[in-house]
Amino acid sequence: MEEETATTAGRKHDDGVDSEDPGSAGNGISSLEQPLLKKSNTLTANHLAMVGAKVSHIESLDYEIIENDLFKHDWRSRSTVEVLQYVFLKWALAFLVGLLTGVIASLINLAIENISGVKMLHMVRLVRDKRYWAGFFYFSGFNLALTFVAAVLCVVFAPTAAGPGIPEIKAYLNGVDTPNMFGAPQLIVKIIGSICAVASGLDLGKEGPLVHIGACLANLLSQGGSGRFRLRWKWLRFFNNDRDRRDLITCGASSGVCAAFRSPVGGVLFALEEVATWWRSALLWRTFFSTATVVVVLRGFIEVCRGGRCGLFGAGGLIIFDVGDVTVRYRLGDLLLVTLVGVMGGVLGALYNHVLHMVLRLYNLINDKGRMAKLALALAVCAFTSAGLYVLPFAVPCTPCDPAFGAACPATGRSGNFKQFNCPAGQYNDLATLLHATNVDATRNIFSTGTPGEFRLDSLLIFFAIYCVLGLFTFGIAVPSGLFLPIILMGAAYGRIVALVLQSAVAASIDHGLYAVLGAAALMSGSMRMTVSLCVIFLELTNNLTLLPMTMFVLLIAKTVGDAFNPSIYEIILDLKGLPFLEPKPEPWMKDLTVGELAAAKPRTISLQVVEKVSTVLEVLRNTGHNGFPVVDRPRPGLSELHGLVLRAHLVAVLRKRWFLLEKRRTEEWEARERFSSVELADKNCKIDGLELTPEELEMYIDLHPFTNTTPYTVVETMSVAKAVVLFRSVALRHMLIMPKYQGPEISPLVGILTRQDLRAHNILGAFPHLAKKSKTH
């Protein structure tokens, strides 16, 4: 292939591959059958995606080590003290991530419990005084005010703080840069917004936001802050790269799950199973260290707040559903019932994913109308939620208290298993027990053991139906939201329903509360398709080791059944948002295509010479949006060889410093080190706006060899695309160079270059339509 040094303008890409201008994302979409962002029918798709609730330009991350001369010299020149500083700082930052995540999670719990408690107590007081309309307007007005605050913060100040944030974290750890996702505004809005949203009674949890909060803290700590308040401490220069930031964000995600469920091992396994793409043993230790720190902080807050010293916040403010005092005994017949719970959980989870998929498409059409539409949608959902939560308990009859429960029935306070609500003395309203409580208290109530007759079948059916509807229509509005608790509540209600329906027909020996636990696990696995991490989380939540075999059994069945219908909920969201996430398993038809054929379907590769003219470099940068350029060397006439790959940011740094040569020559090692350091080159300033060079400077030369990564990952042109996808994802690459099978004097040393977008299935099918038939047969 003949070498080129320039390309035509108008087709730009951030990773060394040309693509068409996609236009304005989200505009012109009038069908619910279309994706949230239109996809191009060419090999190279557009690079716009929805990050949070905002359309952003997407680039890849440089997880690969750039082994150029400056980097090698930097590592050789580091003293033993500096190496120890680097190692110590990695552990210190992991500790700080866990510490701050634990403190913030405890404060969020404290705020939610107190705000919700005040709201519930006053509303119940009005109901008991038979001032029903006053109670309704107070309850709805309080909820609307809280939702308004959360929605305004997300719509106006930080659109990317809306939603759970977990899909964007998955994409980031997969190698996709999600801009404006982990900054200080997102952190502040996520904290305040999740407090307001959860306390407003919306059917969402704080678990997803806590994962995002942990990731934001990790990102800010690794950079020393944000914007003009950023610390310029020289030790932090070691972390001015995507690799170390990726590891710390993994620690933050683990800490967030641990803070949500008080589950240190579950948090580590969640990061390993669900969000992390790249893993190693050293990262395992650091994530566990972070989650252990979170647990210590949470335990300390529980002790401090014991006895009512934190207002209405107590030990119940942290999610822990202790059924450890229940002995689980089961027979062979119980396994059949548990199998039924798992199968139904998988089917319901897949159905939930499908309907939520449609709802998110609908919400995209509404949110396209602008800020006021987003705000109106959030308030409308809140109004509907408030009306349902307040009115429905009046639709069920009161239940007399069992004398065995003593003073615990009825409960007149903020929490308790037997809410009196509108009932006379000695009776309780079982539906109010579930609806007029925070999600945490409702889960604790429905998980309670030794209470087979506490909840009526009609009340459970109403609760399950309303939470299914609210869960589907609440997720996707412009507030911070999590999916864990709503799905746990739906699954727990479904488990209790199964227990009640079967208790008269089959002599089951498992407690109804434990059926609720198994139902919650089944629906979670059926929707999110997690197994190992969920198993450990539920084990740490319930504090009952004897539940382990049953939980493992039901999780495996639910995941298997759910996988037969559709992908997991997070995979669906990633696809809807247009985030170029690389799946761990390539498509079967990718084995029938080689990387050489893939490269032939692209525009010709743009390469540079080792010593290149300034005008050529500037023209390439202005006319393309490529991130990396192959560098070709010609040691003698008629012979060319691949020298490596140079990044766009490094070329911009050279131009800005005007490190030019009057003659075409190779420089000595010391010449580049006098003007540049590896720390300076870590800055990702790729803009050349305002860069003006004189005609004399344009005729000068640049020696690229000190800045060129001489060890890029290369593959032979006969490698299958399936194998290339596995390699690309496993090593976390940004560029993959393709070498010819045969080399010689008249043969170009480079066939092409592949990036993340080139390896995505829908892009390949657009360029090779005949493969679409094979994809359907598989």
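The values are calculated or read from the model by the stated rules, or taken from the named source; none is laboratory data. Everything quoted here is computed from the prediction, not taken from an experiment. All Cβ positions, glycine included, derive from the backbone under ideal geometry; neighbour counts span all protein chains shown. Just the protein is used for accessible areas: all its heavy atoms, side chains included, with ligands, DNA and RNA removed. Shrake-Rupley method; radii C 1.70, N 1.55, O 1.52, S 1.80 Å.
Note on the stretch 183-205: residues that are open to solvent by 10 Å² or more (accessible area, probe 1.4 Å) and either in a loop (DSSP other than H, G, I, E, B) or closer than 19 Å to Leu489 by Cβ (or both) amount to 3. Can you list residue pairs whose Cβ atoms sit under 6 Å apart, with the first residue in the stretch 75-100 being under 17 Å from Ala282 (Cα atoms) and the second being in a helix (DSSP H, G or I) and open to solvent by 60 Å² or more (accessible area, probe 1.4 Å)? Count only pairs 6 or more apart in sequence or on different chains. Filtered contacts from the stretch 75-100: Ala94/Phe289.
Only a single item in (1) more than 25 Å from the chain's Cα centre (by Cα); (2) modelled with pLDDT under 90 is not met by Tyr138, and it is number (2).
Contact annotation: residue pairs with Cβ atoms under 9 Å, 6 or more positions apart or on different chains, pairing a residue in the stretch 562-584 that is over 21 Å from Gly476 (Cβ atoms) with a partner that is of a type in the set (Val, Ile, Thr) and assigned to a loop (DSSP other than H, G, I, E, B), are Pro580/Ile58; Leu582/Thr277; Pro584/Thr277. Among the residues of the stretch 515-547, the ones that are open to solvent by 10 Å² or more (accessible area, probe 1.4 Å) and hydroxyl-bearing (Ser, Thr, Tyr) come to 2 in all. Residue check: is Leu750 touching a Phe, Trp or Tyr at 6+ places or on another chain (Cβ under 9 Å), buried (at least 20 other Cβ atoms within 10 Å of the Cβ) and either on the phi > 0 side of the Ramachandran plot or in a loop (DSSP other than H, G, I, E, B) (or both)? Here the answer is no, as Leu750 does not meet what is asked. Remark: pairs (first residue in the stretch 493-512, modelled with pLDDT of 85 or more; second residue assigned to a loop (DSSP other than H, G, I, E, B) and open to solvent by less than 10 Å² (accessible area, probe 1.4 Å); Cβ separation under 7 Å; 6+ apart in sequence or on different chains) = Arg496/Phe455.
Annotation: of all residues in the stretch 594-608 being open to solvent by 50 Å² or more (accessible area, probe 1.4 Å) and more than 34 Å from the chain's Cα centre (by Cα), the one that is nearest to Ala722 (Cα to Cα) is Ala600.
Every listed requirement among (1) crowded, with 23+ Cβ neighbours inside 10 Å; (2) at pLDDT 85 or above is met by Ala465 save one, (1). Checked against (1) out of contact with any strand residue (DSSP E or B) (no Cβ under 6 Å at 6 or more places or on another chain); (2) surrounded by fewer than 21 Cβ atoms within 10 Å (Cβ to Cβ), Val611 passes all but a single condition, namely (1). Taking the criterion of being farther than 14 Å from Gly491 by Cβ and of a type in the set (D, E, K, R), the only residue of the stretch 554-568 that qualifies is Asp563.
The criterion of at least 2 residues that are open to solvent by 50 Å² or more (accessible area, probe 1.4 Å) and either closer than 30 Å to Asn439 by Cβ or modelled with pLDDT of 90 or more (or both) is met by the following helices (runs of 4 or more DSSP H) wholly inside the stretch 233-333: 281-305.
When the test is whether a residue is touching a residue at least 60 places away in the same chain (Cβ under 8 Å), open to solvent by 30 Å² or more (accessible area, probe 1.4 Å), farther than 19 Å from Gly491 by Cβ and in contact with a helix residue (DSSP H, G or I) (Cβ under 7 Å, 6 or more places away or on another chain), Leu392 passes it. With respect to (1) open to solvent by less than 20 Å² (accessible area, probe 1.4 Å); (2) farther than 19 Å from Leu483 by Cα, the lone exception for Lys369 is condition (1). Among the residues of the stretch 606-627, those identified as closer than 22 Å to Ile747 by Cα and part of a strand (DSSP E or B) are Leu608, Gln609, Val611, Glu612.
Restricted to helices (runs of 4 or more DSSP H) entirely inside the stretch 653-742, those with at least 1 residues that are surrounded by 15 or more Cβ atoms within 10 Å (Cβ to Cβ) and small (Gly, Ala, Ser) are 669-675, 678-681, 721-730.
The single residue among Leu89, Leu100 that is closer than 30 Å to Leu574 by Cα and in a helix (DSSP H, G or I) turns out to be Leu100.
Here Ile569 clears all of (1) in contact with a helix residue (DSSP H, G or I) (Cβ under 7 Å, 6 or more places away or on another chain); (2) hydrophobic (A, V, I, L, M, F, W, C); (3) within 30 Å of Ser678 (Cβ to Cβ) except the condition numbered (3). Considering only the stretch 104-114, I want to know if a residue exists there that is within 18 Å of Val257 (Cα to Cα), among the acidic types (Asp, Glu) and assigned to a helix (DSSP H, G or I). The answer is no, given that none of the residues of the stretch 104-114 is within 18 Å of Val257 (Cα to Cα), among the acidic types (Asp, Glu) and assigned to a helix (DSSP H, G or I). Comparison of Val156, Val118 shows that the only residue that is modelled with pLDDT of 90 or more and surrounded by fewer than 24 Cβ atoms within 10 Å (Cβ to Cβ) is Val156. Checking each residue in the stretch 553-574 for being charged (D, E, K, R) and surrounded by fewer than 17 Cβ atoms within 10 Å (Cβ to Cβ) picks out only Asp563.
Let's see how each residue does on (1) of a type in the set (S, T, N, Q); (2) closer than 30 Å to Ala724 by Cα; (3) in contact with a Gly (Cβ under 9 Å, 6 or more places away or on another chain):
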site: Val536; (1), (2), (3): no, no, yes
site: Leu541; (1), (2), (3): no, no, yes
site: Leu548; (1), (2), (3): no, no, no
site: Phe553; (1), (2), (3): no, no, yes
site: Ile557; (1), (2), (3): no, no, yes
site: Glu583; (1), (2), (3): no, yes, no
site: Asp592; (1), (2), (3): no, yes, no
site: Val611; (1), (2), (3): no, no, no
site: Leu618; (1), (2), (3): no, no, no
